[in-house]
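Report on the structure given below.
The values are calculated or read from the model by the stated rules, or taken from the named source; none is laboratory data. Given the structure is predicted, the values throughout are model-derived calculations rather than measurements. For neighbour counting, all protein chains shown are included, and Cβ atoms are generated from backbone atoms with ideal geometry for every residue, glycine included. Side chains are part of the model used for accessible areas, which takes the heavy atoms of the whole protein and leaves out ligands, DNA and RNA. Shrake-Rupley method; radii C 1.70, N 1.55, O 1.52, S 1.80 Å.
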Amino acid sequence: FKLIKLYHQLLRVYKNENCDIIILEEGILQYIANIPYVSFFNNNKILKDLLLSMLAPVNNLLIVNCDIEYKESIQRIYHRGLKDRRFDVMEEEELLSGLKENYRFFIKMRQICNNMVNVKLDMSDEVNENVELLVKKIYEKLG
């Protein structure tokens, strides 16, 4: 449901021309990455068709790929202290396995989006470094 809501928000902003550029920080990819727990999404063609059909109507799209080491990701998940998401309540081994599975689907989706303008951020870097890199990429995209 959240994926559909996010997609409609994306289309609404784009169709109303309320922006010069849309920065997609893997929100759609994150929700799609959670879908493969349904077995038929192991089919790469279905995954590709879903992703491309969602992104096709939107021009001026900048995809921001956020990478982080598994151990740091686990620490951040536990540190935030939430108990309302699937990953928040997993034991460490199960969480590591889930993160690795999600990352596998992220890699597939990034390959599908490889011809779109994107930027890769290392979430272990200082926030200011990532902001500078992102701002630079936005200026390049806007020309």
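Do we have C19 as open to solvent by 30 Å² or more (accessible area, probe 1.4 Å), closer than 17 Å to C113 by Cα and at pLDDT 75 or above here? Break it down stepwise before answering.
Numbers: open to solvent by 30 Å² or more (accessible area, probe 1.4 Å): yes; closer than 17 Å to C113 by Cα: no; at pLDDT 75 or above: yes.
Here the answer is no, as C19 does not meet what is asked.
Against the list (1) surrounded by 12 or more Cβ atoms within 10 Å (Cβ to Cβ); (2) of a type in the set (D, E); (3) not in a helix (DSSP H, G or I), the condition D49 fails is (3).
Could you check segment 61-143 for helices (runs of 4 or more DSSP H) lying wholly inside it with 3 or more residues that are closer than 21 Å to I23 by Cβ and modelled with pLDDT under 85?
Numbers: elements: 70-80, 92-112, 127-142.
Helices (runs of 4 or more DSSP H) meeting the threshold: 92-112.
Residues that are of a type in the set (S, T, N, Q) and more than 11 Å from the chain's Cα centre (by Cα) were ranked within segment 44-69; the one that is nearest to F105 (Cα to Cα) is N44. Of all residues in segment 88-118 being among the hydrophobic types (A, V, I, L, M, F, W, C) and more than 12 Å from the chain's Cα centre (by Cα), which is surrounded by the fewest Cβ atoms within 10 Å (Cβ to Cβ)? Among residues in segment 88-118 that are among the hydrophobic types (A, V, I, L, M, F, W, C) and more than 12 Å from the chain's Cα centre (by Cα), the one surrounded by the fewest Cβ atoms within 10 Å (Cβ to Cβ) is V89.
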